[in-house]
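The values are calculated or read from the model by the stated rules, or taken from the named source; none is laboratory data. Since we're looking at a predicted model, the values are computed, not measured. Backbone-built Cβ (ideal geometry, glycine too); neighbour counts: all protein chains shown.
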Ligand code: HEA
Ligand code: HEA
Ligand code: CUA
Ligand SMILES: [Cu+2]
């Protein structure tokens, strides 16, 4: 598996990294152990795409089982390993394997797809370019933050070879289920490998985040004040702060759960479990949930904030308008990040936590929806009186906004603790997850890929394939995940192998089949993206320096920047969103272009004597 | 080619990249140990007897000596950085060497403590003491790992210090110093939490 | 077509509600649902309108406008008020259903235990009182075992008539049922869809679960927390019956217990095998 990652990492960059100054580096320093932030971004792109397909394939197994319980998995069912199926060659997956599937699906999608995409890839690619500098503050550290991911992935997948297979306690891994094992001390199980792997991923995240924070604070181009930064950079910066403070708590929890598994301690195991003779109790299962969600709720914002930034940049560029309420957007991001640390209990309303705390967490959760609302309204405000061009990047950004609205609204149902009583752990939650994570994050990621691919690879992504990918994905996505709300309202529990066991779920087979068919179409639609990314690499149109006529600094760099990024000095004269400024012929005004302006009633007006380079007037 | 460009300049915050990065990382480290402390507080309150009893078997004196080792090495670390800034190479070496001694001394005593606990059967999965000693080994273990994580670059810098030019990077020393003060600080929290904050000390026998 | 509409009409899919507070929960769901639908149409309406009206036109320029504080403040405050209203209203119902101080005086008290993969119920029996067991006395938890999941102390006279059922239970209609739930191994979640009740049960502690059914019939209990391979099949049935039927059933059960005790056969138990098959 790792060879696949390495091999393709090479393939995507080979022959395209004609960065002049570095012919002296051996190939593996240039493409594998490169410290160039752009190469590292590409490596994250390749590994995340790879894992998207692994995680997606698991999802399709899940869907098959739910819709056609007891039927053999088509095509590959007959060649599945014996431990996965009820009897050799039957092709029918076992309940135990089903639990492994959903665990690995959730884990991979979150820790190996969305976070590496959103933070690893875009953080690396965008931050140095968009703040006008040559690289990260600590390039070597940056390299390591990628190179922890492939071994972590290998460790995660290697659970295939241990007894009992992959971890099977859900991506949330609640003990005692994730801790009570019959195996003797000092043996590796799927669960311990899961913990080791994610510990490494967490460490990678922290190293990356420390780097981002330092880079943003220390390396901005001349003249760039904090409030001249594009929202993408703001979002990534604040995300990095969340990672720095949240991830280590999860790491501590991992250490404890690891000891419970490996040394049979009992941090999370109470007295008198009637399952194992080899533990001594005194621990608290719910403690894990507190520690886990203390990180994992902020983590959902780690997975959405960078994309909110990216969507903002794309929306502004393609509607040729400044972001409506730039500062409000920044404060909203910061507000979400801060509040994100005090709402974790909303995942635990039914956990047996003191109901008094339920009230508190319900109120804080409801408060956190306010900054999200501000963002939605500001995006709409940005479109207002724009001149909107529907490029593929823009279509995906619009999908991001609209799907995030739906996902956010379902979040409000669950935020109300009494409503959550009934829909907790049903498909209503599954619908919410996918609307925010696929509809939100993944569409945001697609938007970002289409938007920055030209700068990444020096070629334009093919727009016509891009559109096909978008429409197919958008439609099949909604067909797949919208009906899950209905399943949830009907009481369909999540994480169940066969709904037909229950009389009250018997009528839902039709919906489940429908969802599965849509999901297969959705999965195969993603092949268009991969095809497009590869095809355009070779046959794509050569990209100009600034194909979208955008304002931010990355577009001042050469069409396919080499090591060091820029071929000219960068001085920043204004904010990132000066589109359609009065008194200018061009409808954009790059941050690096000298020129004087004044601000009248929330408008920017260019002042004619643009010859004076030194005294630039900012506009907010 | 980038050398010709005016891109990389002095750090905007006036704090060197390495130092700023270390501060951020220490924030992260603080949260890491906070996770343990949070769990410790919760479980201590619900298993008071187990914790009190477990704690009573710890050797406060050894830990106290260790505390002085760490505080002392923190001090010599500061003196070392001071010397480095003043370009006083021989003092720099001296104080770095003392810091190293403090760190190694800490580990030696920790090893004695560990083997003693082990010999008396106080280890994580052991009846009656399990929870307390789980915390004990986990928290002091991670702390000891941090000590080792400090010793490695210290050794490197110390040996480099004997080359002709000495070790000429005061900023890197400062970064290491920040880290080292943090390791010290964590011990200042771990020490009372595990060894002292549990009353009716002496209820059980100790050695 | 009508099938499609049925999917859109989400509220039609709730299973029948049979508990007194279930109606309030459903109503709250409906309120949020209608608010959401309104916001959905509002935001999507605006979005689509803008996309059409301001679509690209080479003769037009965008509008350089950086935003307006009054507008910002308005669309911060309006949702805040709406959210605050939802929060306050929700909290009322939350307190009623979950606060331990609000658990009503029990007409019937039952203990429930989750195990992989099934449910045990303990009734107080003829004397209407639980004897010494893991719930009534913490120290009795040491007695818990696969064959004695409730940790019943058989030397306590009050325990003698307590009886256990497995994967089914019965409650009377129009009565406050208070259940104390726990687990003998991993987490499970006690989910009565028709009753709008869900509560995780955690080994080592006892959770309050209460409800009051207004309708008789036969319904299902599900486990809603992943508990291993057999999680999907951790199903049980329960019956809500009239008060007289309930009394009759109790009499019958008490009789059985008494007969069994006289024959000094240990209480029927199929649990051992199930527990042994744990992973
Ligand atoms: C990117 C990821 C992401 C994001 C952004 C969110 C956003 C939100 N989430 Fe979500 N959530 C998850 C990922 C995410 N979530 C995941 C993965 C889980 C499941 C974990 C598991 O158990 O496996 C989960 C579970 C989850 C739960 C637990 C449910 C349960 O298990 O029972 C809750 C409960 O409160 C919740 C609430 C919310 C809320 C209130 C928001 C808010 O931030 C949403 C705010 C947005 C809006 C409100 C919409 C836009 C606003 C407007 C259009 C303005 C006008 C609107 C109004 C006035 C109403 N989420
Ligand atoms: C970003 C995150 C993300 C993404 C993108 C997805 C994508 C998908 N998810 Fe996932 N999902 C989660 C995050 C995500 N999910 C999480 C966190 C959980 C909770 C886990 C838990 O409970 O612990 C979850 C749970 C979850 C469940 C509930 C399982 C259960 O509770 O029993 C289901 C069921 O339908 C599901 C379905 C899908 C589908 C159909 C897709 C589709 O979008 C997938 C599309 C497919 C692809 C992109 C790849 C296509 C592959 C090919 C074309 C190759 C085909 C080859 C072969 C089949 C060999 N997901
Ligand atoms: Cu018990 Cu799921
Ligand atoms: Cu959350």
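Scanning segment A:291-309 for residues that are over 16 Å from residue A:107 (Cβ atoms) and either more than 11 Å from ligand 4 (Cβ to nearest atom) or not in a helix (DSSP H, G or I) (or both), which turns out nearest to the other protein chains (Cβ to nearest Cβ)? Spell out how you get there, then give the answer.
Initial filter on segment A:291-309 (over 16 Å from residue A:107 (Cβ atoms)): A:291, A:294, A:297-298, A:301, A:304-309.
Keeping just the survivors that are either more than 11 Å from ligand 4 (Cβ to nearest atom) or not in a helix (DSSP H, G or I) (or both) gives A:291, A:304-309.
On the way: A:291: 6, A:304: 17, A:305: 18, A:306: 18, A:307: 18, A:308: 16, A:309: 17 Å.
Filtering first and then ranking leaves A:291.
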Matching residues in segment C:200-253 - criterion: being within 12 Å of chain A (Cβ to nearest Cβ) and part of a loop (DSSP other than H, G, I, E, B)
C:202, C:203, C:204, C:205, C:206, C:224, C:225, C:226, C:227, C:228, C:234, C:235
Pick out the one residue from A:160, A:117, A:146 that is part of a helix (DSSP H, G or I) and within 16 Å of ligand 1 (Cβ to nearest atom).
A:117
Please enumerate the residues belonging to segment A:64-80 that are surrounded by fewer than 19 Cβ atoms within 10 Å (Cβ to Cβ) and in contact with a helix residue (DSSP H, G or I) (Cβ under 8 Å, 6 or more places away or on another chain).
A:68, A:71, A:72, A:74
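Please list, ordered by residue number, the helices (runs of 4 or more DSSP H) wholly in segment A:375-455 having 2 or more residues that are within 24 Å of residue A:52 (Cα to Cα).
The helices (runs of 4 or more DSSP H) meeting that bar are A:392-415, A:427-434.
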For segment A:221-236: of the residues being in a helix (DSSP H, G or I) and away from chain B (no Cβ under 12 Å), which is surrounded by the most Cβ atoms within 10 Å (Cβ to Cβ)?
A:235
Note: among C:213, C:134, just one is away from ligand 3 (no atom under 16 Å from the Cβ), within 19 Å of residue C:106 (Cβ to Cβ), surrounded by 20 or more Cβ atoms within 10 Å (Cβ to Cβ) and under 16 Å from the mean Cα position of the chain (by Cα), namely C:213
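Being outside any loop (DSSP other than H, G, I, E, B) and either over 30 Å from residue A:399 (Cβ atoms) or free of Cβ contacts under 8 Å to residues at least 24 places away in the same chain (or both) is the requirement here; does residue A:316 meet it?
When the stated conditions are applied, residue A:316 does not pass them.
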Within segment C:215-223, does at least one residue satisfy the condition of being in contact with a strand residue (DSSP E or B) (Cβ under 8 Å, 6 or more places away or on another chain), within 16 Å of ligand 1 (Cβ to nearest atom), at pLDDT 95 or above and under 20 Å from residue C:116 (Cβ atoms)?
yes
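The rows are residues; the columns are (1) in contact with a strand residue (DSSP E or B) (Cβ under 9 Å, 6 or more places away or on another chain); (2) without any contact (Cβ under 8 Å) to a residue 60 or more places away in the chain; (3) on the phi < 0 side of the Ramachandran plot.
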{"position": "C:130", "(1), (2), (3)": "yes, yes, yes"}
{"position": "C:137", "(1), (2), (3)": "no, yes, yes"}
{"position": "C:143", "(1), (2), (3)": "no, yes, yes"}
{"position": "C:152", "(1), (2), (3)": "yes, yes, yes"}
{"position": "C:155", "(1), (2), (3)": "no, yes, yes"}
{"position": "C:160", "(1), (2), (3)": "no, no, yes"}
{"position": "C:163", "(1), (2), (3)": "yes, no, yes"}
Scan (1) at the interface with chain A (Cβ under 8 Å from one of its Cβ atoms); (2) touching a residue at least 24 places away in the same chain (Cβ under 8 Å); (3) touching a strand residue (DSSP E or B) at 6+ places or on another chain (Cβ under 9 Å) for the single condition residue C:32 breaks and write down its number.
(3)
May I ask you to list the residues in segment C:137-167 that are over 26 Å from the mean Cα position of the chain (by Cα) and part of a helix (DSSP H, G or I)?
C:139, C:140, C:142, C:143, C:157, C:158, C:159
Within the set of pairs 6 or more residues apart or between chains, which connect a residue that is under 15 Å from residue A:298 (Cα atoms) inside segment A:365-377 to a residue that is away from ligand 3 (no atom under 16 Å from the Cβ) and not in a helix (DSSP H, G or I) with Cβ atoms less than 7 Å apart?
A:365/A:343; A:368/A:343
When you go through A:390, A:438 one by one, which is the residue that is within 16 Å of ligand 2 (Cβ to nearest atom) and either touching a residue at least 24 places away in the same chain (Cβ under 8 Å) or more than 21 Å from the chain's Cα centre (by Cα) (or both)?
A:438
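Taking residue B:10, is it within 14 Å of chain A (Cβ to nearest Cβ) and surrounded by fewer than 16 Cβ atoms within 10 Å (Cβ to Cβ)? Step through it out loud before you land on a result.
Details: within 14 Å of chain A (Cβ to nearest Cβ): yes; surrounded by fewer than 16 Cβ atoms within 10 Å (Cβ to Cβ): yes.
Judged against the criteria, residue B:10 is a match.
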Scanning segment A:497-510 for residues that are touching a residue at least 24 places away in the same chain (Cβ under 8 Å) and at the interface with chain C (Cβ under 7 Å from one of its Cβ atoms), the one farthest from ligand 2 (Cβ to nearest atom) turns out to be A:498
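So that you can scan it fast, the table gives a plain yes or no per residue for (1) within 27 Å of residue A:234 (Cα to Cα); (2) in contact (Cβ under 8 Å) with a residue 60 or more places away in the chain:
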| position | (1), (2) |
| --- | --- |
| A:521 | no, no |
| A:526 | no, yes |
| A:530 | no, yes |
| A:547 | yes, yes |
| A:552 | yes, yes |
| A:564 | yes, yes |
| A:571 | yes, yes |
| A:579 | yes, yes |
| A:584 | no, no |
Scan B:101, B:43, B:107, B:96 and give me the residue that is under 30 Å from residue A:245 (Cβ atoms), touching a residue at least 24 places away in the same chain (Cβ under 8 Å) and more than 12 Å from chain A (Cβ to nearest Cβ).
B:107
Is it fair to say residue A:286 is away from ligand 1 (no atom under 11 Å from the Cβ), within 13 Å of chain C (Cβ to nearest Cβ) and in a helix (DSSP H, G or I)?
yes
Just a yes or no: is a residue in segment A:353-370 more than 10 Å from chain C (Cβ to nearest Cβ), within 16 Å of ligand 2 (Cβ to nearest atom) and closer than 30 Å to residue C:103 by Cβ?
no
Can you tell me which residues in segment C:65-105 are in contact with a helix residue (DSSP H, G or I) (Cβ under 6 Å, 6 or more places away or on another chain), outside any helix (DSSP H, G or I) and more than 7 Å from chain A (Cβ to nearest Cβ)?
none
Look at segment A:488-522 and say how many of its residues are part of a helix (DSSP H, G or I) and within 16 Å of ligand 1 (Cβ to nearest atom).
2
Identify, by number, the condition in (1) more than 25 Å from residue C:78 (Cα to Cα); (2) more than 9 Å from chain C (Cβ to nearest Cβ); (3) within 10 Å of ligand 1 (Cβ to nearest atom) that residue A:346 doesn't meet.
(1)
Residues of segment A:237-274 satisfying the condition of being within 30 Å of residue C:142 (Cα to Cα) and in a helix (DSSP H, G or I)
A:253, A:254, A:255, A:256, A:257, A:258, A:259, A:260, A:261, A:262
